[in-house]
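The values are calculated or read from the model by the stated rules, or taken from the named source; none is laboratory data. Since we're looking at a predicted model, the values are computed, not measured. Backbone-built Cβ (ideal geometry, glycine too); neighbour counts: all protein chains shown. Surface accessibility is based on the protein's heavy atoms, side chains included, excluding ligands, DNA and RNA. Shrake-Rupley method; radii C 1.70, N 1.55, O 1.52, S 1.80 Å.
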Amino acid sequence: DVEINFADTQKISGMAFYMGSWVSEQKYYENNRPSVVTLQLDDEEFQLEFSDVMEKHYVYFSQPVAFNYIKLTIYEVYRGTVYDDTVISEINIFPPAD
């Protein structure tokens with residue numbers, strides 16, 4: 001699990017996930033990559049499924065979501081060919097358009 005608590009309420013309209021190791025295509029397949037995760041924003045939960053491709057995966061909300069707490073739980077992975085670790089290279093958060 002990855003958990004972050006914020007002092008002030010945050011609002012987001014979407015997120016981008018870089019699943020796996022983006023050092024190289026070889027490293028991408030050598031390490032585990034998340035396939036099913038649960039994203040929790042305060043009391044709201046979203047189950048997300050990702051395909052096994054080295055590209056940004058976008059998640060957009062129909063309306064901005066406000067929260068003080070975020071938690072990401074990995075439930076399933078695509079197995080790496082060499083290493084038994086699970087990598088997320090980057091997560092971007094998009095604020096709502098004003």
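I'd like the Kirkwood hydrodynamic radius of the chain, using the inverse of the mean 1/r over distinct C-alpha pairs, in Å.
14.1 Å
Efficiency by 1/(1 + (r/R0)^6): what FRET value for Ser24 and Asn92, r their Cβ-Cβ distance, R0 = 30 Å, to the nearest 0.05?
FRET efficiency, Ser24 to Asn92: 0.90.
Over the chain, with every protein chain in place, what whole percent of the accessible area is carbon and sulfur at 1.4 Å, could you tell me? Display every interim value, and only then the final one.
Details: 2760 of 6120 Å².
Percent of accessible area from carbon and sulfur atoms in the chain: 45.
Which of the chymotrypsin sites (Phe, Trp or Tyr not before Pro) across the range 56-98 are loop residues per DSSP, with 13 or fewer other Cβ within 10 Å?
Those that pass, being in a loop and sparsely packed, are Tyr83.
Counting heavy atoms of the protein chains only and a 1.4 Å probe, report the per residue accessible area for the chain as a whole number of Å².
62 Å²
In nm, to one decimal, how far is the modelled label at Asp8 from the one at Thr38, with both set 7 Å along Cα→Cβ?
Once both label points are built, they end up 3.1 nm from each other.
Per-residue ellipticity at 222 nm for the chain, helices alone: DSSP H runs ≥ 4 residues times -39500 (n - 2.57), over residue total, nearest 500 deg cm²/dmol?
After summing the helix terms and dividing by the residues of the chain, the value is -1500 deg cm²/dmol.
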